[in-house]
């Protein structure tokens with residue numbers, strides 16, 4: 001019961017302020033009663049659904065809907081609460097001052113709440129409400145192709161101009177629109193890249209989540225240099241209560257086999273030599289290594305037969321691996337491809353001006369390209385979505401990277 005106490009207190013506070021805002025703006029009893037009825041119904045539904053969440057099943061379409069409703073219902077009211085709480089602080093200090101110089105507002109200690117402040121609060125609340133609603137209805141499938149050209153002085157001649165399409169964080173258990181997913185696959189194929197790389201999290205938890213989508217993802221074209229993939233943190237079934245270790249292990253084996261079924265070569269702490277004419281590069285794939293999550297990636301094992309002067313592309317799901325280990329490694333991994341963060345599925349991106357998301361306070365590298373002494377990591381914003389069934393400001397991404405020999409011209 002205690003675990004519900006703090007959330008219930010928070011809900012009570014924001015509901016108090018939200019009702020105050022509505023009551024200040026309108027005196028209509030019908031609107032006030034309607035507001036109370038809707039609030040009681042939604043809060044009751046949310047409490048029931050959260051109390052029924054089954055950790056042996058994990059995320060479902062119902063839990064995704066519940067989380068979306070929770071955010072749409074609560075976040076705008078938090079905005080209202082901050083504005084009105086700020087007004088209450090102002091009203092309190094004003095009351096203290098007036099108390100020593102005379103009566104105020106018909107003998108009331110606190111001045112009357114101002115209508116225009118409540119109007120401002122309600123107006124501001126429409127911004128997160130509309131944004132979250134957009135994210136659920138449109139944003140989650142608003143796929144963007146982002147192109148990046150990288151220059152390397154030691155890139156083998158035959159690979160000059162080679163293109164790589166990267167996708168990450170499919171989270172197939174969250175999908176609910178076959179047409180939109182097919183559209184995304186068509187976008188991937190339109191890039192006609194030399195190589196397609198997938199950097200982990202094919203499901204939320206269960207291998208069966210991908211079964212309805214296998215034929216769709218098999219349609220990704222087979223490029224000249226191949227299709228390769230790695231595992232992400234969600235692929236290990238760590239966020240579920242299993243009936244037995246065998247059930248968990250069977251699911252893990254089935255998840256690994258999904259990659260074969262969609263014609264991707266899964267790299268498990270290993271590397272492959274990519275040959276083009278008389279030149280070659282190394283593609284290295286490690287299992288998940290995360291500063292905050294499962295650490296089973298073994299970079300040394302995956303690279304034990306690679307010379308330090310060979311050109312290397314590393315696939316590692318979690319960008320904290322690059323930040324903590326890879327960028328400092330003596331073997332000089334030229335380019336690391338990651339995902340994992342989803343860009344929090346929420347933020348603001350104005351190219352050349354602003355890039356912000358709450359996830360940046362957890363991950364130094366969270367979306368796009370980062371560089372240190374000629375070593376790069378690219379963090380894909382993710383193909384799918386998880387927990388919140390939408391995307392606001394941080395759109396689902398298909399990355400196309402072109403490798404060029406030489407130095408970038410300033």
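The values are calculated or read from the model by the stated rules, or taken from the named source; none is laboratory data. Owing to the predicted nature of the structure, the values given are computational and were not obtained by experimental measurement. Don't worry about glycine lacking a Cβ; one is built from the backbone with ideal geometry, like all the others, and counts go over all protein chains shown.
List of remarks:
- Taking region 371-398 as the range and being outside any loop (DSSP other than H, G, I, E, B) and within 13 Å of residue 336 (Cα to Cα) as the test, the residues that pass are 371, 372, 375, 376, 377, 378, 379.
- Residue check for residue 313: under 22 Å from residue 382 (Cα atoms) and in a strand (DSSP E or B): yes
Residue-by-condition table, conditions (1) over 10 Å from the mean Cα position of the chain (by Cα); (2) crowded, with 16+ Cβ neighbours inside 10 Å:
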{"residue": "363", "(1), (2)": "yes, yes"}
{"residue": "369", "(1), (2)": "yes, no"}
{"residue": "373", "(1), (2)": "yes, no"}
{"residue": "391", "(1), (2)": "no, yes"}
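Let's see how each residue does on (1) under 20 Å from the mean Cα position of the chain (by Cα); (2) at pLDDT 95 or above; (3) more than 25 Å from residue 218 (Cβ to Cβ); (4) not assigned by TED's automatic domain parsing to the domain that holds residue 394:
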position	(1), (2), (3), (4)
265	no, yes, no, no
272	no, yes, no, no
288	yes, yes, no, no
304	no, no, yes, no
311	no, yes, yes, no
323	yes, yes, yes, no
327	no, yes, yes, no
333	no, yes, yes, no
337	yes, yes, no, no
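- The condition (being surrounded by fewer than 17 Cβ atoms within 10 Å (Cβ to Cβ) and touching a residue at least 60 places away in the same chain (Cβ under 8 Å)) is satisfied by just one residue among 305, 318, 330, 309: 309.
- Candidates 143, 175 - the one that is touching a strand residue (DSSP E or B) at 6+ places or on another chain (Cβ under 7 Å) and either under 30 Å from residue 287 (Cα atoms) or in contact (Cβ under 8 Å) with a residue 12 or more places away in the chain (or both): 143
- Some residue of region 58-70 being under 31 Å from the mean Cα position of the chain (by Cα), farther than 30 Å from residue 248 by Cβ, touching a residue at least 24 places away in the same chain (Cβ under 8 Å) and buried (at least 16 other Cβ atoms within 10 Å of the Cβ): yes
- Here residue 221 qualifies as at pLDDT 95 or above and either surrounded by fewer than 21 Cβ atoms within 10 Å (Cβ to Cβ) or in contact with a helix residue (DSSP H, G or I) (Cβ under 8 Å, 6 or more places away or on another chain) (or both).
- Among the residues examined, residue 300 qualifies as surrounded by fewer than 14 Cβ atoms within 10 Å (Cβ to Cβ), at pLDDT 95 or above and within 24 Å of residue 325 (Cβ to Cβ).
- Residues in region 38-63 that are in a helix (DSSP H, G or I) and over 18 Å from residue 76 (Cβ atoms): 44, 47, 48, 49, 50, 51, 61, 62, 63.
Every residue, every condition in (1) out of contact with any strand residue (DSSP E or B) (no Cβ under 8 Å at 6 or more places or on another chain); (2) within 26 Å of residue 133 (Cα to Cα), yes or no:
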residue	(1), (2)
302	no, no
311	no, no
319	no, no
322	no, no
330	yes, no
349	no, yes
353	yes, yes
359	yes, yes
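- Taking the numbered list (1) in contact with a helix residue (DSSP H, G or I) (Cβ under 9 Å, 6 or more places away or on another chain); (2) at pLDDT 95 or above in turn, residue 111 passes all entries but (2).
- Verdict on residue 148 being in contact (Cβ under 8 Å) with a residue 60 or more places away in the chain and surrounded by fewer than 18 Cβ atoms within 10 Å (Cβ to Cβ): yes
- Out of 244, 229, sole residue that is touching a residue at least 12 places away in the same chain (Cβ under 8 Å) and in the same structural domain as residue 301 (by TED's automatic domain parsing): 229
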